[in-house]
Amino acid sequence: MALKNTSLHFIKNLSRFGQSLCAKHLSSARTNITLATDDKPMFPGFSAQWTDKLHLIDPTSHGTIPVYRVLDYGGNIINSSEDPKLDQSKVVEIYHCMTLLNSMDRILYECQRQGRISFYMTHYGEEATAVGSAAAVNPDDLVFAQYRETGVLMWRGYTLDQFINQCFGNCEDEGKGRMMPIHYGSKANNFVTISSPLTVQLPQGKVSREMGTRNNGYAISTPSHEQYRGDGIAAHGPAYGMTTIRVDGNDIFAVYNATKAAREFAVKENRPVLIEALTYRIGHHSTSDDSSTYRQDSEVNQWTGASHPIARLKQYMENQGWWTEAQEKEWKQDTVNRVRKSLELCEKRLKPDWREMFYDVYEKMPDHLMNQMKMMEEHLDKYAEHYPKNYDKKNSSFV
Ligand SMILES: Cc1ncc(C[n+]2csc(CCOP(=O)(O)OP(=O)(O)O)c2C)c(N)n1
């Protein structure tokens, strides 16, 4: 199943949360000792009614969880009571972030195609899910993101140089070149380093207050309809006793409102909330994928028009008189120039000393790592022509 544990906004008061959970378990254990009666079944852990009608439950008979939205495809607020009433500067800031991410994606994707970086993943069509949820939480809320949620970090002020240094794994990369491109992490921005292995965020989510899943229609080549027979991911929420909301992930205001409400609820009630954001992955899964082998262009093209999250927000801003075509042209060019400038700078930077990758895990390096480091040294001597001649000395621990 394609459970994408996206933005996990961590609780601050873990011990209080733990205590209240224990107290709840004890009290429910006590109340469930009561025996079943003719009036009401009292089986442990259930609150149900008796029935004397034999009824095979059809999974489609319960209807489906509706998709909450605020903006229509013309960029209009459908119901004024749902207007988050964000001021012009905040809305423009959100738009700037979504479109800067889009320009960075386009350029770094091409950069990978030219063999300049080893790997990349784009966010095309999913820009609102990360940026909208990031804008709705506090900057000091801890985030455990999945790999396609760079917008959270961009919203928090991670710079183009920081992103691109990481993708090149150069000496300015905070991860010292140890991780694949796009596996960003930032202590300063309360953003836990991305892990590639899927669902590692689930155990972390156990102590988090808010759990976002981005349902973008595919897990690499497997379409959603082959991943589950039930009502998507949101239907799992009530099954696990979780408060849940399903939202249009291409509607920035809906994502914003849902995340804000979920955060408020979770902090007040000390209980987690599940958000399922429905969206569509317009790009290939990654640069190692070619999605044209498993889906039609006509399907993808349905998501590049008025339903696209950037197009919808732009239309809203134009309707408000906050954005013009001239501004659009200037801003787009500006984002491209900024990414190119940063790329030029970051690409030239030296790689970290290769020995860095053996350090920082154990306080004292164990023998097996020592041996591997020695083997690596021999390998580098033998095949020197395939490796950089100079490694960084400035930030190196080995001068
Ligand atoms: C435990 C594990 N198994 C397999 C993989 C290989 N893998 C990487 S991404 C992916 C599909 C993920 O799809 P989804 O969760 O829908 O995320 P999306 O790429 O659509 O954002 C798989 C199977 C992995 N990273 N981790």
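Residues that are in contact with a Pro (Cβ under 7 Å, 6 or more places away or on another chain) and surrounded by 15 or more Cβ atoms within 10 Å (Cβ to Cβ): which helices (runs of 4 or more DSSP H) entirely in segment 165-270 hold 1 or more of them?
The qualifying helices (runs of 4 or more DSSP H) are 252-269.
All but one of (1) in contact with a strand residue (DSSP E or B) (Cβ under 7 Å, 6 or more places away or on another chain); (2) farther than 26 Å from Tyr256 by Cβ hold for Pro181; which doesn't?
(1)
If you check Ile233 against the conditions, is it within 16 Å of the ligand (Cβ to nearest atom), closer than 29 Å to Arg116 by Cα and among the β-branched types (Val, Ile, Thr)?
no
Test each condition in (1) free of Cβ contacts under 8 Å to residues at least 40 places away in the same chain; (2) over 30 Å from Leu101 (Cβ atoms); (3) assigned to a helix (DSSP H, G or I) for Met365 and report the one that comes out false.
(3)
Cβ contacts < 7 Å: first residue at pLDDT below 95 and in a helix (DSSP H, G or I), restricted to segment 343-354; second residue surrounded by fewer than 19 Cβ atoms within 10 Å (Cβ to Cβ) and not hydrophobic (A, V, I, L, M, F, W, C), any location; separation 6+ or different chain. Result?
If the second residue must be surrounded by fewer than 19 Cβ atoms within 10 Å (Cβ to Cβ) and not hydrophobic (A, V, I, L, M, F, W, C), the pairs left are Trp354/Tyr391.
Going by the structure shown, is Ala266 more than 16 Å from the ligand (Cβ to nearest atom), in contact with a Lys or Arg (Cβ under 9 Å, 6 or more places away or on another chain) and not hydroxyl-bearing (Ser, Thr, Tyr)?
Yes, satisfied.
Pick from segment 271-303 the residues that are in contact with a strand residue (DSSP E or B) (Cβ under 6 Å, 6 or more places away or on another chain) and outside any loop (DSSP other than H, G, I, E, B): which of them is surrounded by the most Cβ atoms within 10 Å (Cβ to Cβ)?
Ala277
For segment 269-326, give me each residue that is aromatic (Phe, Trp, Tyr) and over 29 Å from Arg113 (Cα atoms).
Scanning segment 269-326 gives Tyr316, Trp322, Trp323.
Looking at segment 377-399, which of its residues are of a type in the set (A, V, I, L, M) and part of a helix (DSSP H, G or I)?
Correct list: Leu380, Ala384.
The values are calculated or read from the model by the stated rules, or taken from the named source; none is laboratory data. The model shown is predicted, which means the values in this text are computed figures rather than measured ones. Positions of Cβ are generated from backbone atoms using ideal geometry, with glycine treated the same way; all protein chains shown enter the neighbour counts.
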